Each structure stands twice: as structure tokens, then as C-alpha cells.
1. Taking the Cβ of VAL485 as the centre, find all other residues whose Cβ is under 13 Å away and add up their charges (Lys, Arg: +1; Asp, Glu: -1).
2. Packing-wise, with mean Cβ within 10 Å as the measure, how do 139-149, 65-75 rank, highest first?
3. Could you give me the percent of Cα pairs per 10 Å distance bin for the stretch 111-151, shortest bin first, beginning at zero and ending with the bin that holds the maximum distance?
4. In whole Hz and in residue order, list the ³J(HN,Hα) couplings for the stretch 246-257 that follow from phi through the Karplus curve 6.51 cos²θ - 1.76 cosθ + 1.60, θ = phi - 60°; x for Gly and Pro.
5. Label THR334 and ASN230 with points 7 Å out from Cα along Cα→Cβ: what is the distance between them in nm?
6. Averaging sequence separations of C-alpha pairs under 8 Å and six or more residues apart, then dividing by the length of the stretch 475-612, give the relative contact order as a whole percent.
7. How much accessible area per residue does the stretch 103-150 have, in Å², with a 1.4 Å probe?
8. Beyond 20 Å, what percent of the Cα pairs of the stretch 555-640 remain?
Amino acid sequence: MASAVIFSSLRRRRSPSLEAVLAPVDLSDVALVQTLVSVTAETVSSFSAKLFHFQRRNSRSLIRKVEVFLVLLECLNDSSAAPALPWTAVICLKELYLLLYRSKILLDYCAQSSKLWLLLQNHPISGHFHDLNQEISTLLDVFPIEEVELGEDVREQIELLQRQARRAKLFVDKADEDTRIQLFRFLRLFETGSVPNSDEIRVFFMERLGIRDARSCRHEIEFLEEQILNHEGDVEPSVAVLNGFVAFTRYCRFLLFGFEEDEVEQGAGSQKKARKGLISQEIAETFVSIPKDFCCPISLDLMREPVIISTGQTYDRSSISRWLEEGHCTCPKTGQMLPNTRLVPNRALRNLILQWCTAYGVPYDAPECSEASAESFAGASPSKAALAANRATAGLLIQRLAEDGSTCAQTIAAREIRLLAKTGKENRAFIAEAGAIPHLRKLLCSPNSVAQENSVTAMLNLSIYDKNKSRIMDEEGCLGSIVDVLRFGHTTEARENAAATLFSLSAVHDYKRRIAEEEGGIEALAGLLLHGTQRGKKDAVTALFNLSTHTENCARMIEAGAVTALVSALGIEGVAEEAAGSLALIVRQPLGAKAVGKEDMAVAGLIGMMRCGTPRAKENAVAALLELCRSGGAATTERVVKAPSLGGLLQTLLFTGTKRARRKAASLARVFQRCENASTMHFGGLGVGYAFAGNSAAGRDTSFVGDVSVQMSISVPVL
């Protein structure tokens with residue numbers, strides 16, 4: 001009979017708790033009947049006047065059956081003075097309790113769900129109605145109607161319901177099915193490269209679906225996206241098909257309803273509320289908690305190319321390759337010796353990561369030249385229909401941006417472009433190819449804070465695709481406008497996203513010099529590093545690190561105050577590691593070493609990182625101190641070697657640090673020995689450690705950028 005598991009495939013925004021559907025086993029006969037009367041009456045009153053756009057006949061039939069049960073229960077309730085109910089009747093009533101709740105949930109689901117989703121699930125939902133009919137028939141067959149005192153009219157209604165339930169067959173509404181087929185026909189047109197006729201779409205949406213405004217379209221899109229989020233692999237339709245319908249509905253929303261007044265007013269008249277709804281919510285949704293198994297044990301970042309090593313552990317290809325290039329011959333996680341250095345792609349895990357990223361809207365662009373990038377995951381990859389519909393939508397949005405119309409309408413268009421560019425390099429590619437960047441650049445200077453946020457965030461999302469970086473940099477005035485948002489942006493989110501955009505663009509070496517030379521850019525990054533939010537500090541320090549890898553930027557960074565900001569950041573959790581990496585690059589040059597040497601807290605900050613930092617932070621700190629001694633002159637060297645407790649920290653690194661840290665510590669020890677006042681220093685047993693390190697690092701360490709260890713990837717958060 002009835003199960004306590006309520007339609008596991010029918011997902012709701014708030015799933016009912018199990019306690020809500022358990023039969024009241026502890027109630028007396030009278031209380032049980034009274035409870036059933038209350039539940040049944042509530043169900044009838046809630047749905048008898050409800051308009052069901054789809055599943056009308058099945059819904060009305062179920063409501064009529066519930067009404068008959070209400071008559072039965074009211075009769076039993078009125079006969080409370082009669083002898084106690086037979087135990088078989090009590091069991092049936094408890095089972096009826098479950099049936100009524102399941103009926104209520106199914107009816108509510110049909111009344112509240114997306115119309116498109118009800119069409120897509122037409123057969124399964126019809127099956128749920130049929131299952132309830134079968135269980136009602138079984139319940140009435142075993143209900144001891146002859147042993148219960150009932151009025152003749154009530155008995156006749158129950159017997160009639162029993163006969164009808166026995167004859168009931170699965171009913172799939174032909175009109176609903178025709179509408180579903182028409183919906184798939186539109187999708188197939190997009191798959192073949194055709195755009196459906198706008199008049200046909202208008203009739204379909206407004207007359208057959210009853211979707212007559214932009215708000216209803218947004219509800220449909222949000223509901224379908226929720227189903228994608230909760231999708232299970234064996235449930236139809238697939239994620240790819242659902243993505244196609246989301247893209248199709250978004251296209252129809254702008255084709256049919258354009259930019260309606262309620263949204264325009266939201267963009268102009270209530271900027272604070274709009275910013276919270278359009279920006280902050282999206283940012284919060286972006287920074288979801290990544291499953292631990294999807295993170296590389298070395299970098300702790302989401303793996304882009306998971307590979308398996310000979311010990312059976314999985315790492316991101318870039319991280320484990322770097323580990324092996326450093327000369328390590330053990331597994332980072334287990335410490336086992338590696339019999340070989342072969343890296344085997346973990347395709348199963350990569351497919352799971354792709355599926356998770358698609359569900360949560362997290363960007364996932366694997367390196368284009370890698371073996372793994374040739375693989376595809378059918379369930380998560382965008383379908384041809386979705387790409388074609390998104391392309392058509394982008395055309396409508398860019399057309400709106402190009403028009404000299406309402407700024408608020410352009411704001412909404414920028415928001416939708418931002419969301420389209422949130423996932424998928426295909427989307428980012430055709431949005432830029434269609435000419436969005438010049439129009440977004442104009443909105444960067446908008447006095448409307450929401451418009452500015454949406455445009456700079458859209459620019460950030462587009463810049464993740466490598467080919468779009470050149471399009472942004474080649475667009476006249478675009479880089480300057482991004483820097484202006486970083487300096488004078490209306491909101492914190494806009495300034496932070498501008499910094500993230502500069503970080504993304506600076507991944508290309510040829511652009512680092514241009515970005516550094518842009519007036520006020522480095523100054524603004526330094527200010528954000530000192531005074532921004534935690535996320536803003538992270539965006540700023542990663543951008544400064546990228547810029548510091550270009551040797552010609554050293555003087556500009558010193559002039560702009562970046563060195564002072566980086567030294568101060570050594571004490572800020574979350575950005576200290578990258579700050580030390582940047583300083584290690586800057587002090588390579590005498591000019592940079594001199595500037596860092598003048599900072600009172602530089603040496604103390606680096607020493608502190610050697611004491612309490614992560615393994616990578618310790619590598620960067622000792623590398624920075626070594627280069628500071630080499631390039632900073634005698635006075636700076638004296639400051640370093642006289643730092644308290646440095647000898648003990650070096651000894652610890654010589655024995656317990658990574659190979660790079662040991663090499664740097666050994667080189668720094670040799671610097672001490674060459675100092676004219678080395679005889680006055682106290683190393684406390686450092687010689688033993690030095691001898692150990694000297695065997696593994698013969699000669700002067702002359703490597704450059706490879707000596708700096710910073711845990712970060714070029715991918716940036718998509719908002």
C-alpha cells in the first residue's frame with residue numbers, strides 16, 4: 001500500500017519532512033477520525049477552486065475522490081457515540097491518512113510547479129495519479145464497510161467510488177501531450193540551426209502555456225534551473241535537455257516581453273534593493289562550498305585536470321607536475337616512494353566535477369590543449385539547442401545595449417549577458433563575437449551603480465575565455481574604463497570585480513606592462529589590498545603578483561606604493577602567501593630590494609611567515625630574504641642576518657622544508673658565511689643542517705620565477 005516516501009522524483013523548494021506524513025499511530029479512534037476530517041477538509045478547500053493549467057482531469061478526479069472520503073469521515077465523526085471502530089477499519093484509516101497527505105502534496109505540486117516542467121514530466125506525473133487511484137481502490141477493497149455504521153447514501157457513494165477506482169486506467173491528457181510535443185519541436189528547430197517563428201512562439205507561450213509576462217518567464221527559468229541543480233543521472237529529461245529549455249525560455253522572454261516596466265523600475269528606482277538581488281545574491285551563489293574530494297590535496301583548489309599517480313592518489317595535473325619537477329619522488333599525501341611518474345587521467349572524477357560545476361554554475365574551463373579537454377560529459381555539456389538559443393538571446397541583448405534607449409533596460413541587458421557568460425566558453429565566445437564588449441565598455445562609465453556592476457562583472461566573465469582577453473585589450477579605452485571602475489567604482493562589488501578582471505587579463509604576459517602603465521591602476525590595487533574586503537584583498541594581491549612577474553614593472557610598482565601594501569599584507573591571513581611571492585620577485589632587482597629594505601616591517605614579516613606560514617609561504621619568505629641579501633646591499637644583508645631566531649628557523653627548514661625551501665635556506669646560510677661579521681653570529685648547530693643542504697644544492701641558486709611558489713590558478717570567480 002502507501003509508502004512513507006512521498007514522490008521522491010517530485011522535487012520541491014522545501015521538501016516535506018518525514019514526520020509530516022507519518023500516520024498518527026498513537027491517536028484514539030475518535031481523535032484519528034477528527035484528524036482525518038481536518039486534513040481532508042483542508043485539502044478540499046485548498047484545491048477545489050484551484051486552476052490547474054495541466055493535469056486538469058487527473059487533478060479534478062482526485063479532488064472528487066477526496067470529497068467522497070470527506071463525506072465518509074464526517075459520517076464516522078458524527079457517529080462517535082457508536083461502538084468502537086473495528087481494528088481493520090482503524091488500520092485502513094491510518095493508511096488513508098498517508099494517502100490524503102500524498103494526494104495533497106501531488107495536487108500542490110501540480111498547482112505550484114513550472115508549467116514547462118509539468119509538460120516535461122507529463123507521463124511520470126500522470127503515473128503518480130494512477131498509482132494513487134490504485135491504492136485508493138485497494139484501500140476500499142479491504143475497508144470493512146459492512147462493519148461500520150454508515151448512512152445509506154454514504155454507503156452508496158463509497159461503493160460507487162470503489163467501482164470507479166477499480167475501473168480506473170492510466171490517463172494521459174492528449175491536449176497536454178500535444179503541447180509537450182510542440183515544445184520539443186521548438187527545441188529541435190534550434191538544434192538544426194533554425195530559429196522558430198516568433199508568431200508561433202507567441203501563440204504557444206501566451207495561449208497554450210498561459211505565460212503572459214516576463215515575471216512568469218523568470219519563474220519558469222528559476223524552476224527549471226532548480227531541477228538541474230537537483231538532477232539525478234537516471235532521471236529524464238537529461239541535464240542537457242533541461243539546459244536547452246532554460247535557454248529557449250530565456251530567449252522567448254526577451255523576444256516576447258522585452259524589458260517590462262516592473263524590471264526597469266527595479267533597475268532605476270530601487271538601486272540598493274536591485275543590487276542586493278542582482279549582484280550580492282549571485283556572488284553568494286558563486287562561492288559555494290566545494291566538495292573535499294574535488295579539491296587537489298596539494299593546491300586545495302578545484303581540480304581542472306584530475307590525474308592518478310602510481311600510489312592511487314588523485315591530484316590536479318598542474319600541481320603534481322610541479323611537485324615532480326621540483327625533484328620529489330614521493331606521494332605528497334601518503335609519503336610513499338613513487339615507482340614511476342606516470343599520470344593517468346581520472347576521467348570518472350572529472351565527469352563528476354563537470355556535473356557539479358554545471359549544477360552550481362561554477363566555471364570549469366579545462367586547458368584546451370590537454371588530453372582531458374578532448375573528453376566531454378554528455379549530461380553536463382550544453383546541447384546544440386541550448387547553444388543556439390543562447391546565441392539568439394545574446395543577439396537580442398546586444399541589440400538592446402546598442403540602442404540609445406533606457407539606461408535601466410540596458411542595465412537588465414547587461415545583467416543577462418553577465419549571467420549568460422557565467423558558464424561555458426562557448427557562451428563567452430559568441431557573446432564577444434557578437435560585439436558585446438564595446439557596449440559593455442560604455443556602461444562601465446554609467447552613473448547607475450547596478451549598470452556598472454553588471455557590466456564590469458560581465459567583462460570579468462568574458463575575460464576568462466583566453467581569446468576574449470585580446471578583444472578586451474584591443475577595444476579602445478576598455479582597459480582604462482576597467483581601471484576607472486577599480487579606482488572610482490560606485491560599489492565595493494564593482495571595484496573588486498574590476499580587480500579580478502585585471503588579474504584575469506594579466507595572465508597574458510604581453511598585457512602586464514600595459515596594465516601597470518595605466519594611470520592609477522596599481523595604486524588602486526594597493527589600496528584595495530590594504531582596505532578592501534577579504535575577497536577584494538585576494539583579487540588585489542593576485543593581480544599584483546601577476547604584474548610583479550614582469551621585470552619592467554618593478555619601478556612602477558614601487559612608485560605606486562605596491563611594495564608598502566605587499567609588506568603590510570604579510571600579516572593578513574589569506575593573502576600573505578601571495579604577497580611574499582610578489583616580494584620575492586620584486587627584490588630580484590636592486591631597485592626593488594632597496595625599496596623593500598626600507599620597509600621597517602619587511603624583514604620581520606618574512607621571518608614571521610617562516611615561523612608560522614604554510615610550506616609554500618615559508619618557501620616564498622626564505623626566497624625573498626635570500627634575494628634581499630643578494631640585491632639589497634650590505635646594510636640590508638646585516639638587517640636580515642641579525643634578525644632574531646632566524647638561525648633556528650633556517651635549521652628547521654633545512655631538515656623539514658620542501659626541497660625548494662631547503663635549497664633557499666642553504667643558499668642563505670652561505671650568504672651568512674660570507675658576511676664579514678659571520679664570526680659574531682650564533683647559529684646554534686646550523687652547520688650540520690647546512691652540510692646536509694649543501695649536498696643537495698651545490699653552487700649558487702640562480703633560478704628566477706620558478707623559485708617563487710604561489711598557490712593559485714588563472715581561473716577567477718565567475719559572478
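1. Numbers: positive: ARG441, LYS442, ARG487, ARG495; negative: GLU453, ASP484, GLU493, GLU496, GLU518, ASP539.
Here the charged neighbours net out to -2.
2. Values: 139-149: 15.7, 65-75: 20.1.
Descending packing order for the listed peptides: 65-75, 139-149.
3. Pair shares across the bins are 24, 30, 22, 16, 8.
4. Result, ordered by residue: 4, 5, 5, 5, 5, 4, 5, 4, 7, 5, 8, 10 Hz.
5. 4.0 nm
6. Working: 183 pairs, mean separation 27.4, N = 138.
20 percent.
7. Working: 1570 Å² over 48 residues.
For the stretch 103-150, the per-residue accessible area is 33 Å².
8. On the way: 765 of 3655 pairs.
Summing the P(r) of the stretch 555-640 above 20 Å gives 21 percent of all pairs.
The values are calculated or read from the model by the stated rules, or taken from the named source; none is laboratory data. Everything numeric in this text was worked out from a predicted model, so none of it was measured. Neighbour counts are summed over all protein chains in view; Cβ atoms, including those assigned to glycine, are modelled from backbone coordinates with ideal geometry. Just the protein is used for accessible areas: all its heavy atoms, side chains included, with ligands, DNA and RNA removed. Shrake-Rupley method; radii C 1.70, N 1.55, O 1.52, S 1.80 Å.
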